[in-house]
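Sharing a structure below in C-alpha cells format, with a few things to ask.
Here, each number is a calculation from the coordinates, and none is a lab measurement. Worth saying up front: this structure is predicted, and the values here are computed from it rather than measured. For neighbour counting, all protein chains shown are included, and Cβ atoms are generated from backbone atoms with ideal geometry for every residue, glycine included.
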Amino acid sequence: MQNTIITIARVYGSGGRTIGKMLSRQLDIPYYDRNLIYLASDNSGIGVQQFSENDEKVGKDPINFDIVPSENKRYVSQNAIFEHQSRIVHNVADQSDCIIVGRCANHLLWNGRHKLLRIFIYAPNDVCVKTIMKKFSVSEYEAQKTFKQINKHRKEYYKYHTGREWESARNYDMCFDTSVYSYDRVVNAVKQYYNIFKEI
C-alpha cells in the first residue's frame, strides 16, 4: 500500500513550518523537519553539527574536518551529507504517511512509490520580514538580512541538488500565499486534498 506524503517547501517567514505542525496534529501523522538531522546523524555516525552546518545550504568553503571523528572523515562532504539525509527521507516515507518540510523532499520522493502532495508556502517579502521581526524580536534590518540569506541558501541548495528552480510552481501541486490565506485555511485545503489522495 502506498503511503501519502505531504512535502512542504517554504519561503522563510511565510509560516510553512507552523502549517506543517498544524497539519501533523490534525491529521495525526508524523512531522519531519530538523529532526531529520538527528535521524541522519544516528544512521550515519556523523556528528549532528556536521548536518546542522550544511542543512539546506550549498557552501563554497570546505567542511571543518577537525571536528569530525577520524573514522568518519571519509564520509563527510556536502554531497555525502545530502545522500545520508536523502536516505532518511526515503526511510520515513516508507514507514507511514507523514509530513516532510524542506530537504528537497518533493523531488526526492517523486518516484511513484508513494502518493505525493507537494506544497509550497510563500508570502510577499515585506510580510515575511514583519513576521520574522515579531517572532524573534529583531530589527527590520536584521530581519531583512536573515530573510535574504536563508532564502538564498534554500534556492541554491534546491538548484544544486535537483537542477530545478525552488520557487517554480511546476515543482508543486499547491501553492499558498499566507498573506492572502490564513494558516487555518491553508491547513483545511491541504487536508481536503490529503483525504482525496487517500481514496485514489
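Between S137 and R25, what is the label-to-label distance in nm when each label sits 7 Å out along the Cα-to-Cβ direction?
If labels sit at S137 and R25, their model points lie 2.3 nm apart.
Which distance in nm do the two modelled labels at R113 and T162 give, with both placed 7 Å along the Cα-to-Cβ direction?
Calculated label separation equals 1.8 nm.
For a protection proxy built on the mean count of beta-carbon atoms within 10 angstrom, sort 109-122, 182-195 highest first, please.
109-122, 182-195
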